[in-house]
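Okay, structure first, notes after.
The values are calculated or read from the model by the stated rules, or taken from the named source; none is laboratory data. These numbers were taken from a predicted model, which means no experiment stands behind them. Cβ: placed from backbone, ideal geometry, glycine included. Neighbour counts: every protein chain shown. The area values use the complete protein model at the heavy-atom level, side chains included, leaving out ligands, DNA and RNA. Shrake-Rupley method; radii C 1.70, N 1.55, O 1.52, S 1.80 Å.
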Amino acid sequence: MNIQHSLLKTVLACSLAITTLVASSKEMVSIGGAEVNMRSGPGTRYSSRWLLGEGYPLEVLGRRGAWLRVRDFEGDKGWIYRSLTNRKPHVVVDTAIANLRAAPSRSSSLVMKAARGDVLRILERRKGWILVRHERGTKGWIARRLVWGW
């Protein structure tokens, strides 16, 4: 009986851990076209709230048919047609200025400065750092804490 009770407790603890992990993970998409309308509702009859550029990362909050309810890094919410998104990981700079560096270290040489709202394509990840390509083509490492997205 003790072994069964112990096994049951272990199974329940694992189930709780998996449920918590799934609930805390956020689904992300990026804009797949050059310019895409974020709309006030799930359809083309709804007004366009913003025009978003390629790679712009969004958190998926819900779905209605072929439409995704999304949120951006500033907390603004809207609707995007699902086929205009993709799974290419991008982040957006979420601080006034962020340094892109030659290596994943604060002491590494500066490659360029990125501004708030700049979209960066993720190329690699390393312990608190992300190797990115800026929308202008420059590659460099940025501290993960300075960006929002994937």
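See the values below:
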{"read-out": "Flag if I97 is loosely packed, with under 12 Cβ neighbours inside 10 Å, more than 15 Å from Y56 (Cβ to Cβ) and in contact with a strand residue (DSSP E or B) (Cβ under 7 Å, 6 or more places away or on another chain)", "value": "yes"}
{"read-out": "Check on R71, at pLDDT 95 or above, under 15 Å from the mean Cα position of the chain (by Cα) and open to solvent by 70 Å² or more (accessible area, probe 1.4 Å)", "value": "no"}
{"read-out": "Of residues in the range 38-75 being among the aromatic types (F, W, Y) and in a strand (DSSP E or B), the one farthest from S25 (Cα to Cα)", "value": "W50"}
{"read-out": "All positions within the range 80-94 that are over 19 Å from T138 (Cα atoms) and open to solvent by 30 Å² or more (accessible area, probe 1.4 Å)", "value": "Y81, R82, S83, L84, N86, R87"}
{"read-out": "Subset of the range 101-137 (residues that are in a loop (DSSP other than H, G, I, E, B), charged (D, E, K, R) and either open to solvent by 70 Å² or more (accessible area, probe 1.4 Å) or more than 16 Å from V91 (Cα to Cα) (or both))", "value": "R106, R116, K127, E135, R136"}
{"read-out": "Residue in the range 92-99 that is under 14 Å from E27 (Cα atoms), under 16 Å from the mean Cα position of the chain (by Cα) and in a strand (DSSP E or B) present", "value": "no"}
{"read-out": "Identity of the residue in the range 80-91, assigned to a helix (DSSP H, G or I) and either in contact with a Phe, Trp or Tyr (Cβ under 9 Å, 6 or more places away or on another chain) or of a type in the set (A, V, I, L, M) (or both), that ends up farthest from G33 (Cα to Cα)", "value": "R82"}
